[in-house]
Structure formats: structure tokens, C-alpha cells
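Step one of this worksheet: look at the structure below.
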DNA sequence: AATCCCCCGTGATTATTATAACAAATGATT
DNA sequence: AATCATTTGTTATAATAATCACGGGGGATT
């Protein structure tokens, strides 16, 4: 592990920091959840084989993912649950608490406000934005809701770094523009069904429910025939 | 096009039907949306280059995706908008209207009920399920809500083929089991943060909001440093 | 009609991701 | 202590997906 002439799938960036592939990070989150559960069950040790079975992955995939971050397992034994749990927790933990804002307090936005995903100590939800007068000025789920018009100013003042976009397709680009104009936004998670264009140093992740449904139906057509 | 000795990335299945890769299908949906928009703008012709720019893809990617389904463009000119729109529409159209049910009428479930994604003539939402007595027996957004206990029977009777799961993690597996027990379910779109296990002929797609957020934060940590 | 610039379709190439295979480490058992 | 059954970490290989590169059709212009 960690020679400079590393030639595997994880690559060293110029700065010397390892670049982890997105599918690996995605699985790390799954491992983390599973480990949390095993931890609660007071399980002591688990093998890559078992992890794979529980998550529907090959054992070799599991081992490869986990090995990117050092030799954390024990040969002939497996992975010590608490140690691995702690280890993955460290990998996934941000180096600070991110300040985030949610734009679009419609049904989906409100659903997210109550969703487990937004209950994390990795970030702090500092502001909501909407253009519905009945919502602006309110405190919803403990978070103040501001007028979308004031977005740039408030995001800048509060130094919001991450944006969750739950607005209709037509409002996605303008919302992104206003937010990015503040200069503090580094990442966006959008649920809108439109592509949004942002400066290239802003990271965008998209969750597109329609696309997932369409894919499901497409492959159903093929498999059921 | 369409020799039997085809050796490209799209592969013929035994039955002679072409197998399209998932990333391609995902992009087809994006092309479809874009074409719909161009159609409304009465645009006549569009090139792979332009499509790529609008969606953030390489022109060669666009051409390759579209070429899987025959020579639909015109060399030296581009793609005829209406023709391509119709063509992609045909590819994505199911050969019948799927009957679907939504399990878990909480905030997320209700958000989906109002969401554009569920407004499609490709499927018909026939039933809701929940175990909250205040919801069971109601008609919500025009769809009757039944008790989760009766799921197997009702799904069988109504011949529901696709399931949308918006239940808490703890209820995901039991819900899937009850639904699958009916014997009619072919596909599941789950929003639960647990892996569900189903017979292997049932297709499962997962939308995991927490995972997307975690990924975003992980890569932000790396890029902002 | 000859020339030019466009732009598609597709084979070749490269990049990315997943899987297989195996040496080395570990603890149990004899 | 020697053997055995495990199970990791890692390299090698395979599978998948994206990109390049180019042949050739197509229309506009001279």
C-alpha cells in the first residue's frame, strides 16, 4: 500500500491525495449503514464475503473498496466491525460542518425536510427559499424561509456552501444562478428535471425520479416481453 | 446496421432483441426531454454537437447512443427534430400501460403523488397502501388507499406490476415481501435506504437521497480541501 | 459540376469499473 | 510445531463504457 508508483484503480492526484471513484464512494455509504447495523447487533467480526451477501456485491469488490484506505482487515479473520465502522465513518466525515440551503419548499422540499437524509450532523440547514408569499417569513421545521429574490444576498451573508434544489423545472436555472452569484456555493443537489449550467468548479449531483422510472419501465418491457 | 455479426457495444440477446446499456437508456430520456422542448420551439434540425452542448455530453456519445436504433440522422445535416423525437418516443414507449401501486403515503409518498414523474400515460396508479388508519379508506389525489395488511390480495386482484416504495427503512422488506407474494409484481422503484431482497426476476431500481448527499459532500471535501 | 464545409455512423482506441486469482497472514486443530 | 481452513490485500484479467478518428454522404457556393 501507498507506493508512489501505484498503478491500481485508485489514482493519486497531483497533490498526493488519492482519488476514489464514485461507485466506490457510493458503496462506502452502503458499508457504513450496514456496519452501523452490525455494530448495534454487537457483532464483532464480519468478512467481505458476508458483507457482499448482505449488500448484493461480490466479496472481491468489497475487499477492493475497503483496501483503498489501508489495510483495515485481518487476514484469515475478517474485518473488526467497530474498527471498520469507525474507519469508514472517518473517510466519509467532512472536515467541517457544511452550511446548506434548500430552495423550493413545495411538496418535495417539505418531504425532504422531514426525511432522514437531512438529519445529519455533517451539515446544517440554515435557510429555505421560496417565492410563495404564504411561506416567506415563516419558520418551517425550525428553519427560516426567505424570499427567492433575496437568495444571492442571504446565501452570501450566511456563507451557504451547498444547495438543495427542489423547484419546478422552469425555476431551476434562475435559482441556480442566483445562488451561485453569491460566490460561496460549492455544490448542488438538484431534483429538477432540467440540466442546470453552473461554473465548472461547482459540483452538481442530480436525482431524477422520472429518469429512474423510465429506465425501470424500459427494462421491464425487455424482460417481460 | 443490423447484421447478425454485430460486434459493437450494443449486443444482441439470444432472442434477437438488442440489449441497450443502462447509461444509454438514461441518456435517451434526456434526449427525449430536450427533443420535446426543441419540438415546441419549432426547431427543425439539430446536430449531435448541439445536443451534446445542451446536455453536457460529447457529440460522439450522442451519435453512438442514437445510432443503436438505426440510421435516424442525415449525414452532413443533422437530426430532424420531429422525426428523432418520434423515434425516441417509440423506443421509450412501453408496449402497454403498466399498473402501479405506491406503498407508504408519508411526506415523500405524497410528494411523489403530486410530482410530474407520476403524471405519465405509460402507467396507471391504481392503489396506495399505508398502515396509518387515518389514511386507509381515504381517496388521496384520486387514488384509493388500502391497508398494508391487504397488500398481497389487492395487488393480485388488480394485477399490479410495478411498485413504488416510499416507506421507512424498517418497513421496506416486509412491504416488498407482501407485494411480491401476489406474484404479479415485475419491478420495484424503492426510495428506502435499505437493500431489499426480492426474487431475481423482479427488477429493482433504487433512488437513495442520502447516498447522493453523502457522495456530494465526500467529493466536495476533496475538491475544496 | 467541382469544391468546400458539415455532420452522421461506426470501427478502433482508450478509460473506467468489476471480477478472478493467488500469495501471504491468521488462528484453530492436531 | 506442523497442518489446515480461512480470509485479506493486491495484481492480473475481463467486462463495460466513453471517446477518438475517419470514411463517406449531403448540401451550399462558386
Do the conditions hold for residue A:123, that is, is it surrounded by 15 or more Cβ atoms within 10 Å (Cβ to Cβ), touching a residue at least 12 places away in the same chain (Cβ under 8 Å), within 18 Å of residue A:187 (Cα to Cα) and within 11 Å of chain B (Cβ to nearest Cβ)? yes
Across (1) on the phi < 0 side of the Ramachandran plot; (2) more than 10 Å from DNA strand C (Cβ to nearest atom); (3) under 22 Å from the mean Cα position of the chain (by Cα), residue B:56 clears everything bar (1)
Test residue A:128 against the stated conditions and say whether it is within 12 Å of chain B (Cβ to nearest Cβ) and either in contact with a helix residue (DSSP H, G or I) (Cβ under 6 Å, 6 or more places away or on another chain) or surrounded by 14 or more Cβ atoms within 10 Å (Cβ to Cβ) (or both). no
Out of curiosity, is residue B:16 at pLDDT below 95, away from chain A (no Cβ under 14 Å) and outside any helix (DSSP H, G or I)? no
Can you go through B:217, B:163, B:189 and tell me which one is buried (at least 21 other Cβ atoms within 10 Å of the Cβ) and outside the structural domain of residue B:113 (by TED's automatic domain parsing)? B:217
With the structure loaded, tell me whether residue B:142 is under 30 Å from residue A:117 (Cα atoms), over 19 Å from the mean Cα position of the chain (by Cα) and either in the same structural domain as residue B:24 (by TED's automatic domain parsing) or within 16 Å of DNA strand D (Cβ to nearest atom) (or both) or whether it fails that test. no
In region A:99-111, how many are more than 7 Å from every other protein chain (Cβ to nearest Cβ) and either crowded, with 19+ Cβ neighbours inside 10 Å or closer than 25 Å to residue A:30 by Cα (or both)? 8
Considering only helices (runs of 4 or more DSSP H) wholly within region B:151-225, the ones with at least 3 residues that are at the interface with chain A (Cβ under 8 Å from one of its Cβ atoms) are B:209-224
Assess whether residue A:156 counts as being surrounded by fewer than 17 Cβ atoms within 10 Å (Cβ to Cβ) and modelled with pLDDT of 95 or more. yes
Is it true that residue A:51 is under 17 Å from residue B:194 (Cβ atoms) and either more than 20 Å from the chain's Cα centre (by Cα) or in contact (Cβ under 8 Å) with a residue 60 or more places away in the chain (or both)? yes
Got a number for residues in region B:22-54 being touching a strand residue (DSSP E or B) at 6+ places or on another chain (Cβ under 9 Å), within 14 Å of another protein chain (Cβ to nearest Cβ) and within 11 Å of DNA strand D (Cβ to nearest atom)? 0
Filter pass, residue A:122 being more than 16 Å from DNA strand D (Cβ to nearest atom) and in contact with a strand residue (DSSP E or B) (Cβ under 8 Å, 6 or more places away or on another chain): yes
Restricting to region B:59-91, what's the tally of residues that are surrounded by fewer than 16 Cβ atoms within 10 Å (Cβ to Cβ), more than 10 Å from DNA strand C (Cβ to nearest atom) and more than 14 Å from chain A (Cβ to nearest Cβ)? 3
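The values are calculated or read from the model by the stated rules, or taken from the named source; none is laboratory data. Owing to the predicted nature of the structure, the values given are computational and were not obtained by experimental measurement. Positions of Cβ are generated from backbone atoms using ideal geometry, with glycine treated the same way; all protein chains shown enter the neighbour counts.
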